[in-house]
Structure formats: C-alpha cells, structure tokens
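Here's the structure we're looking at; comments come further down.
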Amino acid sequence: MKLILAEKPSVAKTIASFLGAKTRHNGYFEGNGYIITYAVGHLVSLYDMKDYDKDKYSGSWKMDNFPFIPQDKFKFKVESSKKDQFNIVKTLIHRDDIEYIINATDNDREGELIAFLIFLMAKNKKPVKRILVNEWTPQDITKGLQNLKDDEEMRNLQAAGYTRLITDWLIGINFTSIATLKYGNGKLLNIGRVILPTVKLIYDRDMEIKNFVPKTYFEIEGNFRCKNGEYKGKLIKNKNSKFDTPEEAKAIIGSITSKEATIIDKKVTTSKEYAPKLFSLTSLQGYITSKYSHFTSDKVLSVCQSLYEGKGKGGYITYPRTDSVYLEESLVGKTADTLNKLKKGLPYEDKIQFTKTKRVFDSSKVDSHSAITPTYIVPTNLTPDESIVYNAIKDRFIANFMPPAEYENTEIKTDVDENTFVTKGKVLKVKGYLEVYNKEEKNDLLPMVSKNEIVDVIEIKPLSKQTTPPKSYTEDTLLKAMKNCGKNVPEDDTAVLSGYSIGTSATRAEVLKKISQVGYVTKKGKSYFITELGKNLVEIFPVKELFDVDYTVLLDTNVQIFV
C-alpha cells in the first residue's frame with residue numbers, strides 16, 4: 001500500500017476519487033492500493049513559552065524572563081483539537097503494509113513544512129516521495145504520480161520553512177512581550193517581522209497626507225470653433241503646461257489678441273491595448289477588493305483555496321498562492337486544451353485564438369508557481385462569491401488570447417499669436433479583448449479638422465488648479481506596496497524585486513487582517529488609516545530596524561540563502 005498525505009480533506013477526496021480509493025474511514029480513504037489521508041492544515045505547532053515551564057511562564061509576563069530562547073531545542077506539539085486526526089495519520093504511517101509515503105501537501109514552502117513536522121512528530125521511518133502538481137485534476141494527478149520526487153530533493157524548501165518559523169517565533173514572542181510590558185500601558189502590542197513594516201507603510205502614507213501642503217498652479221485653456229464644431233486645447237510653452245503664478249498666466253493671455261487661429265498640425269495614429277497580465281494572487285486580490293466591497297484580500301484567498309481544492313471533484317483553478325503573472329513555457333499544450341474547452345459557446349468564440357506569446361509564456365519570469373488560471377474542469381454549483389472569483393480568473397485568462405483593443409488617437413496643434421494649444425482625442429475602433437468585459441469605452445471625440453484650417457478663437461482663459469496629496473492605501477494598493485516593498489514598479493517587472501517583498505502571497509492577507517484586529521490600523525470604506533495605537537507604536541518602539549522594509553526583507557532573504 002502507498003500512503004498519500006494531502007493538506008486538506010477536499011484534496012484528499014479528489015485524489016481518492018480519481019485513484020479509486022472508494023472505502024471511506026474516519027480520517028482517510030482506502031482502496032486500489034492506496035490510502036489517502038490529510039493534515040487539516042497545520043497539525044503540528046511550536047511550543048508556547050509556557051509549555052517549556054508552566055510555573056515560570058504562565059500568568060503575567062515579567063521582564064526578567066526575556067529574552068526567551070529555549071535552552072535545549074525547539075519543541076513541537078499537537079493541539080488538543082487536532083490530536084484525533086494526527087493520531088490517525090500517525091497510525092497509518094506506521095502500518096506494516098505501507099511501502100512508502102507520498103507527500104501531497106501544497107506545493108510550496110508552507111506545504112513542505114506541514115508535512116515535515118508531521119513526519120517528525122510521528123517518528124516516521126518510511127521512505128517519503130513528493131508529488132508536485134499545480135492543479136488537482138486527474139490529468140495532473142496522473143502525471144505527478146508518474147514523476148515523483150525523492151524527499152531529499154525538497155530539503156532546502158523544508159529547511160527554509162522551518163528556519164522562517166523559528167525566526168518569526170523568536171521575534172514575535174520576545175518583542176511582543178517586552179514591547180507590551182514597556183510601552184503597552186495595559187494594551188497588548190503585537191510585534192511581528194511582517195506586521196511592523198506594513199504598519200509603517202500606512203503610517204508614512206498618513207503622515208504624507210497630513211503634512212501635505214497643496215500648491216496652486218495655473219493652466220491656460222483655449223476654446224476654438226471650426227466649421228464642424230468646437231474643441232478645447234491646452235497651452236504648451238517650452239514643453240510645459242503649468243504656470244506658477246496668476247500674473248504669468250494673465251500676461252500670456254493678455255498678449256493674445258487675435259480672433260482667429262490656425263491649425264498648424266494634425267496627427268492621427270493608432271494604438272493597441274492588450275489585455276492585462278494573468279493574475280497573481282496579489283493582483284487578483286487587488287482586482288476583486290477594488291470592485292466588490294464585501295471582499296477582503298483574506299476572503300479572496302479563502303475562496304481561491306476552495307476553487308483550487310475543487311470540492312472533491314478536481315480543482316477548478318491552478319495553485320493560487322503565486323506571485324507570478326506569467327506561465328511556464330512547459331504549460332503551452334495544457335493551456336491550449338483548457339482554452340479550447342472554456343471558449344465553447346461564448347458569443348466571441350471565433351475571436352479567441354491560442355497563440356504562444358512572451359506576454360503569457362515566459363519561464364524566466366516564473367519563480368516557483370505560474371500565474372493563476374482556470375483548469376479544464378468546468379465548475380458547477382458555485383456559490384455567488386466563488387462565481388465572482390472564478391469568472392474574474394476565467395475572463396482574464398480568455399482575454400489574453402483575444403486581439404488587442406485598437407484606438408485611433410488624434411492630436412491637434414492650434415496656433416494663435418505664436419502660442420500653441422494642444423488638443424488630444426481618443427476613439428475606440430476595435431473592441432478586441434474588451435468584448436470579454438462587455439465594457440463600453442468612453443470615446444473622446446473631436447470635430448473633423450484639417451491642417452492649415454482657420455478657426456475662430458472663442459475664449460482664452462486661465463484655469464486655477466492645485467496639487468493633490470497621495471491617496472490613502474486601499475487593499476489593492478497596500479498589497480502591491482507590500483509585494484514591492486513600497487517601490488513603484490510595474491506588476492510584470494519580476495527582475496528588480498524577485499524574492500524581495502514584505503511577506504508572501506500566502507501571508508499578506510493574514511497580515512492585513514491581523515493589523516486591523518489588534519487595532520494598529522482602521523479601515524474606512526476601502527481605505528486604511530493609522531490609529532492612535534499604531535501611531536504610538538511606530539513613534540515609540542525603539543527597535544527601528546524592524547519597521548524597515550529593507551531590513552525585514554534582507555532578514556527573510558538571508559534565511560533562505562542560509563538554508
């Protein structure tokens with residue numbers, strides 16, 4: 001018999017159904033030469049501080065007891081609520097008829113850690129192999145079982161997960177306790193390696209907004225009439241359209257006396273707009289939370305996990321905890337098959353054509369997991385929230401294999417008394433991928449004019465404007481800032497900040513949830529704001545390195561390099 005350890009019951013059910021393990025027992029499935037059991041997430045966790053010495057560390061914290069580092073070694077336990085399932089897994093591991101174990105937890109560092117700690121606590125001596133799949137479909141399960149990896153090949157990933165777990169525990173236990181005792185004034189100050197730089201991002205943005213001093217500037221607008229209608233233009237002088245003082249703007253307007261102007265140039269160009277890149281978890285969370293107010297990033301991840309596990313029928317989407325917006329080039333054939341299945345019956349089916357392009361397929365820009373896409377299994381009976389998330393993923397996937405939208409761009413230059421006014425217009429000519437979204441584009445139509453045409457000057461007037469402060473973080477922009485460590489880089493720029501981010505795609509949503517729960521930030525509408533507690537934390541807590549995004553990331557990166 002072969003024992004397969006899945007991460008969740010639904011994945012175990014999917015695997016069991018495909019392998020013909022039809023006999024259901026308490027905590028596992030059996031049949032056809034396989035036993036499939038599951039971990040229910042983290043079955044094994046680190047000792048709490050009080051578990052090492054109940055008399056010394058139970059009750060109130062005392063400054064004399066910190067910093068706390070276990071003297072001998074770090075110890076692990078199984079929580080009482082999870083002991084039954086752990087004991088089932090342990091018993092199965094030690095069954096005499098088990099030839100070897102197949103680790104089928106999620107294909108990432110956290111999945112490796114979950115299985116590693118279970119095998120450690122269960123004192124497993126059996127050989128362990130690894131199935132690596134990106135989606136739980138029959139096709140992928142078959143391929144994965146035919147290409148099992150030896151557990152030794154996963155040691156670095158296991159070590160990275162283990163080391164990060166220990167590092168975060170040491171920082172969290174010690175700094176939370178000491179900060180609460182010294183600066184909390186009766187309130188718990190939750191300190192974490194990823195929590196603090198995230199709070200600092202929101203603090204810094206709020207301070208920018210608070211301290212922002214608006215600056216007034218002026219533009220000059222011309223209103224013109226041609227034989228086919230009216231249009232407006234903005235004065236451009238030395239490539240600049242802004243003037244610092246009203247006197248400067250009025251002086252220019254006063255120098256314009258002519259009642260007629262001449263169109264000195266007209267350019268008509270076409271441009272193409274391609275579909276946005278496929279979804280990473282971060283970009284999907286941003287997209288959904290910006291469109292639907294009842295979603296949080298944490299909820300998007302939860303719904304994605306449900307779609308990935310597929311309710312025991314096979315997964316509906318690929319692995320969601322990814323930071324990539326590209327697909328591995330090895331997925332070309334599978335992607336084509338999925339596209340052909342999903343496009344059937346769509347009103348724009350004839351416009352959906354599979355092509356292998358660098359905009360979609362680029363292995364050099366995929367770290368560990370490809371972008372999120374649908375699988376070839378078409379879901380049924382989805383909940384309303386599952387439908388929202390699934391359709392967003394499916395539509396983005398299909399849009400990437402449709403023609404680009406095409407626009408006609410018009411630029412008119414109008415001269416009056418040697419002052420040039422520029423007018424721009426944009427008209428959608430070909431919908432292309434926009435058909436997927438049934439979206440009506442707002443056209444900026446201009447009247448038909450010709451070069452050298454004489455037009456009437458209706459009015460030349462100043463426009464008073466003000467610079468605006470940066471906007472408060474929303475869930476979308478905060479997730480992107482965490483991913484890029486506050487750096488302003490494009491979504492698909494994977495070279496500059498590869499492996500360089502606050503948290504991971506799997507943990508950022510939990511961090512946002514945590515900092516709201518502990519009261520460091522508050523959310524009004526879609527925007528995040530620092531609270532008084534969060535402000536005090538940033539300003540008073542003395543270990544400033546922990547707020548530094550670069551320090552946090554370098555610590556995380558060095559953990560991975562070390563192992």
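Simple spin-label model, 7 Å along Cα-to-Cβ: S81 to S368 in nm?
Result for the modelled spin labels: 2.6 nm.
Pulled fully out, how much extra length does the chain show between Y437 and K125, if you take 0.36 nm times their separation in residues and subtract their Cα-Cα distance?
So the chain would gain 106.9 nm between Y437 and K125.
Given all pairs of different Cα atoms, what value in angstroms does the Kirkwood hydrodynamic radius of segment 1-64 take? Present the calculation step by step, with values, prior to reporting the outcome.
Working: mean 1/r = 0.0706 Å⁻¹.
Final number for the Kirkwood radius of segment 1-64 is 14.2 Å.
With the cut-off at 16 Å, report for segment 208-318 the share of all Cα pairs above it, as a whole percent.
78
Taking 25 °C and 0.890 mPa s as the conditions, I'd like the Stokes-Einstein D for segment 110-248 in µm²/s, using the Kirkwood hydrodynamic radius from alpha carbon pairs.
108
For the chain, what does the relative contact order come out to in percent, with C-alpha contacts under 8 Å and a separation of six or more?
Computed value for the chain: 18 percent relative contact order.
D for segment 37-82, whole µm²/s, Stokes-Einstein with Kirkwood Rh over alpha-carbon pairs at 25 °C and 0.890 mPa s: what number?
197
Starting from the Cα of D395, move 7 Å in the Cα-to-Cβ direction to define the label point; list residues of segment 425-456 whose amide nitrogen is under 11 Å from there.
Taking a point 7 Å out along Cα→Cβ of D395, the residues of segment 425-456 whose backbone N falls under 11 Å are 434-440.
Treat every Asp and Glu Cβ in the chain as -1 and every Lys and Arg Cβ as +1, leave all other atoms uncharged, and give the resulting dipole magnitude about the Cα centre to the nearest 20 debye.
840
Any lysines with Cα under 19 Å of the K182 Cα? List them, leaving off those in the same chain fewer than 8 positions away.
K182 reaches K62, K535, K544.
Taking the 0 to 90 degree range and rounding to the nearest ten, how far is the long axis of helix 195-210 tilted relative to the main principal axis of the chain, both from C-alpha atoms?
Rounded to the nearest ten degrees, it is 20.
Give me the net charge of N65's neighbourhood, meaning all other residues with Cβ under 11 Å from the Cβ of N65; Lys, Arg count +1, Asp, Glu -1.
+1
For the chain, find the longest principal axis of its Cα atoms and tell me its angle to the long axis of helix 109-121, 0 to 90°, nearest 10.
10
Roughly how many nanometres apart are two label points built 7 Å out from the Cα toward the Cβ at S527 and N185?
Taking the two extended label points, one gets 2.6 nm.
Would you list, by chain and number, the aspartates and glutamates whose Cα falls below 16 Å from the Cα of K125, excluding same-chain residues fewer than 8 positions away?
Reachable aspartates and glutamates: D96, D97, E99, D150, D151, E152.
Using helices alone, what [θ] at 222 nm do you get for the chain, with -39,500 (n - 2.57) per DSSP H run of 4 or more residues, divided over all residues and rounded to the nearest 500?
-11000 deg cm²/dmol
Could you state the angle between the C-alpha long axis of helix 83-93 and the longest principal axis of the C-alpha atoms of the chain, as a value from 0 to 90 degrees rounded to the nearest 10?
70
At 1.4 Å probe size, with every protein chain present, just tell me what the per residue accessible area of segment 212-251 comes to in Å². Present the calculation step by step, with values, prior to reporting the outcome.
Working: 2560 Å² over 40 residues.
Spelled out: the 1.4 Å probe surface of segment 212-251, per residue, equals 64 Å².
Excluding ligands, DNA and RNA, what is the solvent-accessible area per residue of segment 1-121 at a probe of 1.4 Å, expressed in Å²?
Ligands and nucleic acids excluded, the figure is 50 Å² per residue.
Would you work out what percent of the accessible area of the chain, with all protein chains in place, is carbon or sulfur (probe 1.4 Å)?
The nonpolar share, carbon plus sulfur, comes to 50 percent.
At 7 Å along Cα-to-Cβ for each site, give me the label-to-label distance between I236 and I540 in nm.
It is 5.4 nm.
Can you give the accessible area of S81, probe radius 1.4 Å, in Å² rounded to 10?
100
For segment 132-187, what is the Kirkwood estimate of the hydrodynamic radius, computed as the reciprocal of the mean inverse distance between distinct Cα atoms, to one decimal in Å?
Value: 14.9 Å, from the Cα pair sum.
Run the reach check for K272 against lysines, Cα to Cα strictly under 21 Å, same-chain hits fewer than 8 apart removed. What comes back?
Hits, sequence-local ones excluded: K351, K356, K358, K424, K426, K429, K431, K439, K442.
Scan (1) 56.4; (2) 32.0; (3) 29.3 for the value of mean projected area of the Cα convex hull in nm² calculated from this model and give just the label.
(2)
Output the peptides 232-245, 515-528, 34-47 sorted from most to least packed, where packing is the average of other Cβ atoms within 10 Å over each peptide's residues.
34-47, 515-528, 232-245
Considering the zone a paramagnetic label at E273 would reach in this model (a point 7 Å from Cα along the Cα-to-Cβ line), which residues of segment 432-448 have amide N under 20 Å from it?
Answer for this model: 432-447.
Ranked highest first by the average count of other Cβ atoms within 10 Å around their residues, in what order do 389-400, 69-80, 452-463 fall?
Values: 389-400: 21.4, 69-80: 11.1, 452-463: 14.8.
Peptide ranking by packing, descending: 389-400, 452-463, 69-80.
Once segment 261-403 is represented by equal point scatterers at the alpha-carbon sites, with solvent omitted, what log10 I(q)/I(0) does the Debye formula produce at q = 0.17, 0.20, 0.22 Å⁻¹?
-0.95, -1.29, -1.51
The values are calculated or read from the model by the stated rules, or taken from the named source; none is laboratory data. Since the structure is predicted, the reported quantities are computational estimates derived from the model, not experimental observations. All Cβ positions, even for glycine, are placed from backbone atoms using ideal geometry, and neighbour counts span all protein chains on display. These accessible areas exclude ligands, DNA and RNA; they are computed on the full protein's heavy atoms, side chains included. Shrake-Rupley method; radii C 1.70, N 1.55, O 1.52, S 1.80 Å.
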